[in-house]
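Q: Got a structure for you, questions after.
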Amino acid sequence: MPDVHYRFSPAFQAPTGSAIRELFKYLSLPGMISFAGGYPPPEFFDREGLRLAAERAFAEAPLDCLQYGATEGLPVLREQLAGLMLRRGASVCADDIVVTTGSQQGLDLLIRVLLEPGQSVLVERPTYPAALQALRMAGAQVLSAATDAEGLDTDALAAQLAALPRGQVRLLYCVPTFANPTGACLPLARRLQVLALAARHDLLIIEDDPYGALRFSGAEVPSLLALSREVEGSVGRVMHLASLSKVLAPGLRVGWMVAPAAVRQRCLIAKQTVDLCTSPWAQRIAAHYLASGALQQALPVLAAGYREKCQRMLAGLEPLESLLSVSPPAGGMFIWARCRAGIDAQTLFNAAVAENLVFVPGAPFHPDQPDPSSLRLSFAAPSLEQIDRGVERLRRAFERCGIVPN
Ligand code: PMP
């Protein structure tokens, strides 16, 4: 090999990869139980329904599956997605939607289009690490907003915004419904307050919502997008991202964005330079699946399945109460926990790996002010039996650290 000196762009001179993806190397170890990724479990995939949808999609329009498609996505799918949004309370039409290659792409496009390097962006503390990665690569100045068990602490946010020079923060990124990593769901009154703050301080909001359809207890709360019609000055401020990854299959890589026309148009141009279009084949499969009504039938079954898994994990963790405080979620895939025993989550993680268990230590979720005691446990992927065994391994990991429950 010639001795080539590679020069990298500033964002890639010393990039740090995703700490969660780093955990992949443990997952292939024999006997490992994972409470790490927010992955749907194998038994929740509707293989037969998707096989049929794939068969029909190809039989009906083989050339459309094989050919490039429009950058904004196939009209048949956008119609179906608008229907999904409507069922969840947001009155949206197909033209308001851009299909994206996972919601992760939607986030990346919005950041490119809306952000200038050096500009400040507010995120929840803790938040989704891949959002932090995307924001930092774009040169954003990331500021964190405090959260509690219900999500964004809106009184603290109001004080924080009031103390900053007007115009310094233009964007708020948040996961208000069953957040990653905390599982928190922002109550209605706080949602209205966030929207009012956006109007008062001239903020745009990126509402990331891959988990919202996975509610397993409590009453539905409308999205920020849906509520923006009710709060003066907030219409047009919410860019909403959603996905089929958590409710159907992440392998499809079908997500979508709802945004005002001026933002959408620019995201389309950004998308042209990224992938030209989201796989038309995958889009047709998704469109057939949604048109069959199978997702509407599956959603309550999925929610009940996640409820059972979540309850099983919470019940297993109960005897560890003196060691671990947990926040029970009303939906989504995650339980956020804190070690009480003065032990940090990375030490516990190392002991857990020795017991053949992985979870995600909380550090990568914190944009700043890391809480070393925190950890994220996902109940989504393991079976009930693996949840039981995994919780027992967690207890043994505490023991390895010299700590026993009292
Ligand atoms: N946002 C959040 C908060 C997530 O947790 C995830 C997936 N882990 C995504 C976005 C990206 O999901 P996808 O690209 O598969 O739609």
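The values are calculated or read from the model by the stated rules, or taken from the named source; none is laboratory data. It should be emphasised that the depicted structure is a prediction, and the values quoted were computed from it without experimental measurement. Neighbour counts run over all protein chains shown; Cβ positions are idealised from the backbone, glycine included. Please note that ligands, DNA and RNA were not included when accessible areas were found on the heavy atoms of the full protein model with its side chains. Shrake-Rupley method; radii C 1.70, N 1.55, O 1.52, S 1.80 Å.
Q: Within the set of pairs 6 or more residues apart or between chains, which connect a residue that is closer than 30 Å to F379 by Cβ inside segment 41-59 to a residue that is among the aromatic types (F, W, Y) with Cβ atoms less than 7 Å apart?
A: Note: pairs meeting the criteria are G49/Y289; L50/Y289; A53/Y289.
Q: Quick one: G167 ticks every box in (1) modelled with pLDDT under 95; (2) closer than 25 Å to E72 by Cβ bar one, so which box is it?
A: Status for G167: all satisfied but (2).
Q: Separate question: Please list, ordered by residue number, the strands (runs of 3 or more DSSP E) wholly in segment 314-406 having 3 or more residues that are surrounded by 23 or more Cβ atoms within 10 Å (Cβ to Cβ).
A: Working: elements: 324-327, 334-339, 374-378.
Where strands (runs of 3 or more DSSP E) fall fully within segment 314-406 and carry at least 3 residues being surrounded by 23 or more Cβ atoms within 10 Å (Cβ to Cβ), they are 334-339, 374-378.
Q: On to the next question. Can you tell me which of (1) touching a residue at least 40 places away in the same chain (Cβ under 8 Å); (2) open to solvent by less than 40 Å² (accessible area, probe 1.4 Å); (3) more than 30 Å from S120 (Cα to Cα) is the one E308 doesn't meet?
A: Only one criterion is unmet by E308, namely (2).
Q: I want to confirm something. Restricting to segment 35-65 and keeping residues that are touching a Ser or Thr at 6+ places or on another chain (Cβ under 8 Å) and open to solvent by 30 Å² or more (accessible area, probe 1.4 Å), which single residue is farthest from N356 (Cα to Cα)?
A: Per the stated criteria, the residue is L52.
Q: Specify which of the listed residues (D208, D275, D202) is acidic (D, E), crowded, with 20+ Cβ neighbours inside 10 Å and at pLDDT 95 or above. Talk me through it step by step, then tell me what you get.
A: Numbers: D275 fails: crowded, with 20+ Cβ neighbours inside 10 Å; D202 fails: crowded, with 20+ Cβ neighbours inside 10 Å.
On inspection, the qualifying residue turns out to be D208.
Q: Does G251 satisfy the condition of being open to solvent by 40 Å² or more (accessible area, probe 1.4 Å) and among the small types (G, A, S)?
A: Values: open to solvent by 40 Å² or more (accessible area, probe 1.4 Å): yes; among the small types (G, A, S): yes.
Here the answer is yes, as G251 does meet what is asked.
Q: Quick check on segment 66-114: of everything there that is among the hydroxyl-bearing types (S, T, Y) and within 16 Å of the ligand (Cβ to nearest atom), which residue is surrounded by the most Cβ atoms within 10 Å (Cβ to Cβ)?
A: Start the filter on segment 66-114 by keeping residues that are among the hydroxyl-bearing types (S, T, Y), which leaves 68, 71, 91, 100-101, 103.
Remaining after also requiring within 16 Å of the ligand (Cβ to nearest atom): 100-101, 103.
Values: T100: 28, T101: 21, S103: 23.
So the residue we want is T100.
Q: Name the residue that is farthest from the ligand (Cβ to nearest atom), counting only residues in segment 115-137 that are open to solvent by 10 Å² or more (accessible area, probe 1.4 Å) and polar (S, T, N, Q).
A: Per the criteria, the residue is Q119.
Q: Here is a list of conditions, (1) modelled with pLDDT of 95 or more; (2) β-branched (V, I, T); (3) within 16 Å of the ligand (Cβ to nearest atom); (4) not assigned by TED's automatic domain parsing to the domain that holds L248, and I20 meets all of them except one; can you say which number that is?
A: Of everything listed in (1) modelled with pLDDT of 95 or more; (2) β-branched (V, I, T); (3) within 16 Å of the ligand (Cβ to nearest atom); (4) not assigned by TED's automatic domain parsing to the domain that holds L248, I20 misses just condition (1).
Q: I'd like the full set of residues that are under 20 Å from G83 (Cα atoms) and without any contact (Cβ under 8 Å) to a residue 12 or more places away in the chain, limited to segment 262-305.
A: If the condition is that a residue be under 20 Å from G83 (Cα atoms) and without any contact (Cβ under 8 Å) to a residue 12 or more places away in the chain, then G293, Q297, P300, V301 are the ones that fit.
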